[in-house]
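The values are calculated or read from the model by the stated rules, or taken from the named source; none is laboratory data. Owing to the predicted nature of the structure, the values given are computational and were not obtained by experimental measurement. Methodologically, a virtual Cβ is constructed for each residue, glycine included, from the backbone with ideal geometry; neighbour enumeration extends over all protein chains shown. These area figures cover heavy atoms from the full protein model, side chains too; ligands, DNA and RNA do not enter into them. Shrake-Rupley method; radii C 1.70, N 1.55, O 1.52, S 1.80 Å.
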Amino acid sequence: MKYYLGVDGGGTKTEFLLGDENGSILAKYTGGSCHYLQIGYEGITDLIAAGLHEICTESGVSRNRISGAFLGLAGYGDIASHAKAIEEAVAKSMKYIPFSLGNDCENALAGALGGRSGINIIAGTGSVGFGRDDSGRTCRCGGWHYALGGDEGSAYWIGWSLLKEFSRQRDGRSPETELRNTIKNHLNVDSDDEVVNRVAVEWNLDREKIAALSPLCSELAGKGDPAAVKIMKDCARELADYAEAIYRKLDFTGETPVSGTGGVFSSGKVLTDELDRLLRKKGMYYTAPAADPATGALILAGKGNITVSFPDR
């Protein structure tokens, strides 16, 4: 029996999966952030060592029996000059285990499309797109820092758009909808001016807190609030732009599947129906993910020996 390790390393948490060649999951472990800018290079070594210890203990499979591993780590490859230090940090904790290393958008694609070629958009607090064509060529799009106006279509982008629309309705630049009172009630403020104080002063423009406003927009859109519906459709346009840019740079044949991982894709059909409509104009279509990014890492670790079923359209 062959055993494989998949690691999905995100900026918030890191998922470890140990599976066998039959696709059975033998052990799971969740650790903290793996991003080297948050935990440092030694932190990466310690995090992976702890994860390995836990899954080997839980499964009873010793590390020298693991035939292969794939680690998709947030931040890897973003700054070329930092890649070697990350690789060395990982290698220190992966002795006796053959492994490959990539960015976490690679295993997100593998999980979302069950190892098939296509495109996946990650839209959580931030956003990024990644694609792989039939020849194995890859392309990444987005992932630019929100301070540069990046992370379009992300939860942060939705939250910021919500606040921008609030100010427009307050001034009369846009027609007033339920959105205005919903934001005030959610922030527990009596006046419009207090919204500025809450977000800019008390929150200090905290990215996570602004991103956490995005469910308000999807709820309002689900109720038909026209301003919220527009924001969600604009969000779909931004995500479609990622897919279209990747599609143009790679060589796909036939209708190309585009999947989405991250909390934004649970926003409802206002978003996903519009995204599918936009994609179909360009020879693509939207599909729900077949599996999660940690399973995608396991698929890549198995190099074709582990598969998951791909849902029909």
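Between region 6-29 and region 165-243, the alpha-carbon centres lie 36 Å apart. Looking at region 17-112, the trypsin sites (Lys or Arg not before Pro) that sit in a DSSP loop and have at most 15 other Cβ atoms within 10 Å of their own Cβ are Lys95. A straight chain from Arg280 to Glu176 at 0.36 nm per residue would run longer than the Cα-Cα distance by 34.1 nm.
To the nearest 0.05, how large is the calculated FRET efficiency for Val201 and Lys2 if R₀ is 41 Å and r is the Cβ-Cβ distance? According to the calculation, E is roughly 0.15. Would you mind checking the pairs Lys164/Lys282; Lys249/Lys282; Lys184/Lys230; Lys184/Lys233 and listing those with alpha carbons more than 25 angstrom apart? Where the Cα-Cα span goes over 25 Å, the pairs concerned are Lys164/Lys282.
Amide H contacts of Tyr285: Thr256, Val258, each under 5 Å away and 5 or more positions distant or on a separate chain (H built 1.01 Å from N in the peptide plane; Pro and chain starts excluded). For region 71-222, the solvent-accessible area works out to 47 Å² per residue, with a probe of 1.4 Å and every protein chain left in place. Note on region 147-221: the alpha carbon radius of gyration divided by the globular reference 2.2 N^0.38 Å gives 1.04.
When nucleic acids and ligands are ignored and a 1.4 Å probe is applied, Val61 ends up with an accessible area of around 10 Å².
Only helical runs count toward this figure. For the chain, summing -39,500 (n - 2.57) over DSSP H runs of n ≥ 4 and dividing by all residues gives -13500 deg cm²/dmol at 222 nm.
How much of the accessible area of the chain, probe 1.4 Å, is carbon plus sulfur, in whole percent? The nonpolar share, carbon plus sulfur, comes to 48 percent. Any aspartates and glutamates with Cα under 20 Å of the Lys13 Cα? List them, leaving off those in the same chain fewer than 8 positions away. Cα-Cα hits under 20 Å: Glu42, Asp46, Glu54, Glu58, Asp78, Glu87, Asp104, Glu106, Asp151, Asp206, Glu208, Asp292. A crude spin-label estimate for the pair Glu208 and Ala288, with each label 7 Å from Cα along the Cβ direction, gives 2.9 nm.
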